[in-house]
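No value in this document is a laboratory result; all are computed from the given coordinates. Predicted model only: the values in this text are computed from it and were never measured. All Cβ positions, glycine included, derive from the backbone under ideal geometry; neighbour counts span all protein chains shown.
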Amino acid sequence: HAASEKLLDLVTMVVEPDSWAVNGGWGSIELFSGSLVVRNTADVHAQVFDLLQSLRDSEAIGGA
């Protein structure tokens, strides 16, 4: 799905880009059965969470 790919691309470009395998690091992110699966450091997990929360918040504001 194009929107899902855009989300994965956004995360790997915005959150610690050098940590992701697609950019030469070791971390990974993928969609599995409708869930986002992240393999990376705890700090990166926290940053991904914050980014997703910001996206949800902006979507809620935009949709109001």
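General remarks:
- Residues in region 25-64 that a label on VAL14 would reach, taking backbone N under 15 Å of a point 7 Å out along Cα→Cβ: 44-62
- Per-residue Cβ neighbour rank within 10 angstrom, fewest leading, VAL14, VAL44: VAL14, VAL44
- Close amide H partners of GLY25, meaning residues 5 or more places away or on another chain with modelled amide H under 5 Å apart, are TRP20.
- Pairs of Cα atoms nearer than 8 Å and 6+ residues apart set the relative contact order; for region 2-63 it is 22 percent.
- Dividing the summed helix terms, -39500 (n - 2.57) for each DSSP H run of n ≥ 4, by the number of residues in the chain produces a 222 nm estimate of -18500 deg cm²/dmol to the nearest 500.
- Listed residues SER54, SER35, SER19, most fluctuating in the chain (Gaussian network, C-alpha, under 10 Å): SER35
- Computed label-point distance, nm, for sites TRP26 and LYS6 using a 7 Å Cα→Cβ extension: 3.3 nm
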